[in-house]
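Please read the structure below before turning to the comments.
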Ligand SMILES: Nc1ncnc2c1ncn2[C@@H]1O[C@H](COP(=O)(O)OP(=O)(O)OP(=O)(O)O)[C@@H](O)[C@H]1O
Ligand SMILES: [Mg+2]
């Protein structure tokens, strides 16, 4: 990561809503082409960070710099960022193709090629055969692929994901993980990815940001977080939870092995 350019720098971000401080002292950067996960319990401020990054929420203090330019007050459409939500947020009355085309048609520079680009993006997520269907006829995983294609179609250099897999079953999540990493490689997109799932964060990320209660505890590579958790919180929330999963899996595999032995 060291040789990569810095894509985003967040300086001293603070968000106060009503009388409540939601985020404080939030400082981090994201490298060009990096996959950064934001990991933390419910209510800790993950979505609030994304809302500030994409321009849906004006922060109380601090700045967001992208490619060296202060975008803290820029309109969402001028930021070159896309977002993918947990609930897909597709238009039910439009076909899959029309969903992907929709925003392109609003852009006068891309309107003429909108169909071509939309088909290309549907191909990239393996859904060209479903172009004419309504979203409700697709599985959850397929609908999320449509949402990803729709975001990619606008050619953002940064995509924000807010728990995009949490409504999907385990098998679909595993497949989508690989697909997402492949898309990132193909398009060179910087990805910031919110998840509750430690294992998902460790499997996918170049670096992980561990948050709690509006502050960042650690931002580091998965390896360093395991080897050197910054404090007790990180040790408990991330390392301990992962260890529990590994322990329960290894217990399960012992049972299987024993079962096999007794069958012989
Ligand atoms: N519009 C708002 N007004 C007041 N408080 C808010 C508002 N939006 C969010 N909050 C509060 O800000 C805190 C952080 O919310 P946020 O949605 O960023 O959490 P999160 O980490 O994304 O949680 P989850 O994992 O459940 O999605 C929460 O305590 C929430 O109640
Ligand atoms: Mg959230």
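The values are calculated or read from the model by the stated rules, or taken from the named source; none is laboratory data. Nothing here was measured: the structure is a model prediction, and the numbers come from that model. As a convention, Cβ positions derive from the backbone with ideal geometry for all residues, glycine included, and neighbour counts pool all protein chains shown.
Note on segment 146-193: residues that are under 13 Å from the mean Cα position of the chain (by Cα), under 14 Å from residue 121 (Cα atoms) and without any contact (Cβ under 8 Å) to a residue 40 or more places away in the chain amount to 1. Within segment 39-55, being within 7 Å of ligand 1 (Cβ to nearest atom) and in contact with a helix residue (DSSP H, G or I) (Cβ under 6 Å, 6 or more places away or on another chain) holds for one residue alone: 40.
When 112, 118, 124 are checked against the criterion of being touching a helix residue (DSSP H, G or I) at 6+ places or on another chain (Cβ under 9 Å), outside the structural domain of residue 216 (by TED's automatic domain parsing) and modelled with pLDDT under 95, a single residue qualifies: 124.
So, residue 217, is that one at pLDDT below 90, within 16 Å of ligand 1 (Cβ to nearest atom) and assigned by TED's automatic domain parsing to the domain that holds residue 39 or not?
Working: at pLDDT below 90: no; within 16 Å of ligand 1 (Cβ to nearest atom): yes; assigned by TED's automatic domain parsing to the domain that holds residue 39: yes.
Taking the combined requirement at face value, the residue does not satisfy it.
Residues in segment 14-27 that are within 20 Å of the chain's Cα centre (by Cα) and either within 15 Å of ligand 1 (Cβ to nearest atom) or farther than 22 Å from residue 158 by Cβ (or both): 2 in all. Among the residues of segment 51-70, the ones that are within 20 Å of the chain's Cα centre (by Cα), buried (at least 16 other Cβ atoms within 10 Å of the Cβ) and assigned to a loop (DSSP other than H, G, I, E, B) come to 2 in all.
Restricting the search to segment 127-140, which residues are surrounded by fewer than 18 Cβ atoms within 10 Å (Cβ to Cβ) and either in contact with a helix residue (DSSP H, G or I) (Cβ under 6 Å, 6 or more places away or on another chain) or not in a loop (DSSP other than H, G, I, E, B) (or both)? Passing the criteria: 128, 129, 133, 136, 137, 140. Cβ separations smaller than 6 Å between residues 6+ apart or across chains give the following pairs from segment 44-69 residues that are closer than 17 Å to residue 21 by Cα to residues that are assigned to a helix (DSSP H, G or I) and near ligand 1 (Cβ under 8 Å from one of its atoms): 57/51. Could you say whether any residue in segment 84-95 is part of a helix (DSSP H, G or I) and either touching a strand residue (DSSP E or B) at 6+ places or on another chain (Cβ under 7 Å) or surrounded by fewer than 22 Cβ atoms within 10 Å (Cβ to Cβ) (or both)? No, segment 84-95 has no match at all.
Only residues that are surrounded by fewer than 22 Cβ atoms within 10 Å (Cβ to Cβ) and either farther than 17 Å from residue 8 by Cβ or within 16 Å of ligand 2 (Cβ to nearest atom) (or both) were counted across segment 188-200, and they come to 4. Reported count of residues in segment 5-45, each being within 13 Å of ligand 2 (Cβ to nearest atom) and either outside any loop (DSSP other than H, G, I, E, B) or not assigned by TED's automatic domain parsing to the domain that holds residue 238 (or both), is 4.
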